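Remarks on the structure that follows.
Nothing in this text is a laboratory measurement; each read-out follows from the coordinates by a stated rule. Because the structure is a prediction, the values reported are computed rather than measured. Note: ideal-geometry Cβ built from the backbone for every residue, glycine included; neighbour counts use all protein chains shown.
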Amino acid sequence: MNDAECRCQRPPFNQDDFEIRFVGLDDGGGRFAEVTLQRCWRCGQQWLHYRVEQEGFSHSGRWYRGAISSGAATRATAAEAGRLLATLPWHFYGGSYYRSSGARSDGPVDTSRL
């Protein structure tokens, strides 16, 4: 199967399609974002997933998912996750903040939105 044809490349995503490993919480700037590594069961692609929500504000939930190499997955930490996502050429994003169950952005994550 061509990786571009895999379900992990097309939103909406199903958590059952991934082996998920909790990396930690990025508590920088008071965000307390949940960071996980998600490996696709079908094609093996590694994804860095970053989810954050500000409890006091409705429609503030947002997530970002970026394809990373196995080496980057091995070295990934919660504190560095936002910076790593900002280096990727494209990513997926979604959540109540964006009113989306998932869309692709052809550019890095804008860290001011984290």
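Might you report the magnitude of the Cβ-based charge dipole of the chain about its Cα centre, with Lys and Arg at +1 and Asp and Glu at -1, to the nearest 20 debye?
Dipole size: approximately 160 debye.
Between Arg99 and Asp17, what length comes free when the chain is fully extended (0.36 nm per residue of separation minus the Cα-Cα distance, one decimal in nm)?
Details: separation 82, 0.36 × 82 = 29.52 nm, distance 2.27 nm.
Gain in length upon complete extension: 27.2 nm.
Out of Gln9, Gln38, Gly71, whose Cα points farthest toward the positive end of the dipole of the stretch 3-113 (charges: +1 Lys, Arg; -1 Asp, Glu; placed on Cβ)?
Value computed over the given set: Gln9.
Kirkwood Rh, Cα Rg: Rg to Rh for the chain?
That ratio equals 0.94.
If you average the sequence gap of Cα pairs under 8 Å that are 6 or more apart and divide by the length of the chain, what percent do you get for the contact order?
Computed over the chain, the figure is 21 percent.
Counting helices only, and only those DSSP H runs with n ≥ 4, report the 222 nm mean residue ellipticity of the chain as the sum of -39,500 (n - 2.57) divided by its residues, in deg cm²/dmol to the nearest 500.
-2000 deg cm²/dmol
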